[in-house]
Amino acid sequence: MNEARPVLVFDSGIGGLSVFRAIRERLPGLPLVYVADDAAFPYGDWEEAALVAHIVSLMDRLIAAHDPAAVVIACNTASTLVLPPLRSAFAIPFVGTVPAIKPAAERTESGVVAVLATPGTMRRDYTRELIRTFAAGCHVRLVGAPDLARLAEAHLRGERIDEGAVLQQIAPCFVELGGRRTDTIVLACTHYPFLRDVFERVAPWPVAWIDPAPAIARRLETVLREAGVPGASPESPPPGRAVFTSGSRPPPPLLGVLAGLGLEPG
Ligand code: DGL
């Protein structure tokens with residue numbers, strides 16, 4: 001019945017491509033539209049009520065334009081705030097991206113974990129509640145990095161970034177505490193997996209970096225099955241479209257990244 005309806009993957013910028021990539025890998029035949037709300041980037045700096053109103057009204061227009069079968073909010077800063085209003089405003093399923101605190105708490109051996117997020121996600125009650133519920137036995141350092149999403153955007157757009165500036169942003173995650181030290185860091189912003197190579201190069205010591213993207217792709221598969229949406233066909237993936245709310249054309253290096261993910265701007 002819903003054969004041609006795409007799944008919309010949404011973020012404030014191009015960070016949600018880390019989730020898009022995992023969805024493409026798991027559900028290769030699924031029609032996808034990627035939306036970067038770059039006109040409003042970065043969400044991490046927005047005041048909460050204004051961000052809710054902005055996303056709900058934008059989503060209304062996006063749903064009217066694309067008639068998606070489901071929406072993936074590939075953004076922690078948005079998901080930790082707007083999932084309940086979106087679910088009550090629209091009848092289609094929403095899959096969110098929230099900080100992977102539970103898997104980090106299960107994995108840590110030292111009991112010292114960091115959550116590397118945007119300033120918005122760091123402030124959310126939702127994030128603090130996840131820590132209370134799933135990581136009460138751990139020492140959790142919650143870090144809201146003010147510039148890291150911008151640095152990741154620049155990196156994906158092919159600009160040179162200052163690795164010293166990246167180190168400055170992630171340094172508060174590295175905690176030494178009574179002979180124990182951070183061994184697990186949650187990538188709690190979908191932009192950050194694109195900087196993972198840099199993180200590994202500049203990190204004061206090796207840690208496990210937790211990227212929730214594969215878990216989100218699995219969750220989407222379940223949600224689509226439960227909603228009776230036809231899943232992937234085994235044929236070659238249909239080309240996806242990448243929509244930028246600013247209307248600006250991506251620079252050539254980003255076009256290359258998009259093409260590698262089967263996305264055309266449009
Ligand atoms: N990619 C977004 C996230 O996962 C946030 C970037 C921003 O501040 O807009 O939180």
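The values are calculated or read from the model by the stated rules, or taken from the named source; none is laboratory data. Remember, it's a predicted structure, so these values are computed and weren't measured experimentally. For neighbour counting, all protein chains shown are included, and Cβ atoms are generated from backbone atoms with ideal geometry for every residue, glycine included. In case anyone asks, the SASA skips ligands and DNA or RNA and just uses the protein heavy atoms, side chains included. Shrake-Rupley method; radii C 1.70, N 1.55, O 1.52, S 1.80 Å.
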Leaving out ligands, DNA and RNA, and with a 1.4 Å probe, what % of the accessible surface on region 27-69 is carbon or sulfur? 59 percent
In Å², rounded to a whole number, the accessible area per residue of the chain with probe 1.4 Å is 43 Å²
Amide H neighbours of ALA242 under 5 Å, counting only residues 5+ apart in sequence or on other chains, H built in-plane at 1.01 Å? TYR34, GLU264, GLY266
Leaving out ligands, DNA and RNA, what percent of the accessible area of region 153-266 is carbon and sulfur, probe 1.4 Å? 51 percent
Return the sequence-ordered ³J(HN,Hα) values of region 139-155 in whole Hz as given by the Karplus equation 6.51 cos²θ - 1.76 cosθ + 1.60 applied to θ = phi - 60°, using x for Gly and Pro. 8, 10, 9, 9, 10, x, 7, x, 10, 5, 5, 5, 5, 5, 4, 4, 4
Ratio Rg/Rh [Cα only; Rh per Kirkwood] for the chain: 0.96
Can you check what the net charge comes to around ASP147, using other residues whose Cβ is under 14 Å from the Cβ of ASP147 (Lys, Arg +1; Asp, Glu -1)? -4
Cα centroid distance between region 39-80 and region 131-209, in Å? 25 Å
For VAL95, residues with placed amide H under 5 Å, excluding near neighbours: VAL71, VAL72, ILE73
Once phi for every residue in region 37-48 is put through the Karplus expression 6.51 cos²θ - 1.76 cosθ + 1.60 (θ = phi - 60°), the whole-Hz ³J(HN,Hα) values, with Gly and Pro written as x, are 7, 5, 5, 10, 5, x, 5, x, 9, 6, 6, 4
Please report the antiparallel percentage of the DSSP beta bridges confined to region 112-266, to the nearest 5. 10 percent
Once phi is turned into θ = phi - 60°, what whole-Hz ³J(HN,Hα) does the Karplus curve with 6.51, -1.76 and 1.60 give for every residue of region 18-30, x standing for Gly and Pro? 5, 7, 3, 4, 5, 5, 4, 5, 7, 10, x, x, 6
If amide H atoms are built 1.01 Å from N in the plane of the peptide, which residues on other chains or at least 5 residues away come under 5 Å of the amide H of ILE210? ILE185, VAL186, LEU187
Among ILE92, GLY262, ALA64, pick out the residue whose Cα is farthest towards the positive end of the charge dipole of the chain, where Lys and Arg carry +1 and Asp and Glu carry -1 on C-beta, about the Cα centre. ILE92
Where N is the number of residues in region 10-151, Cα Rg divided by 2.2 N^0.38 Å: 1.08
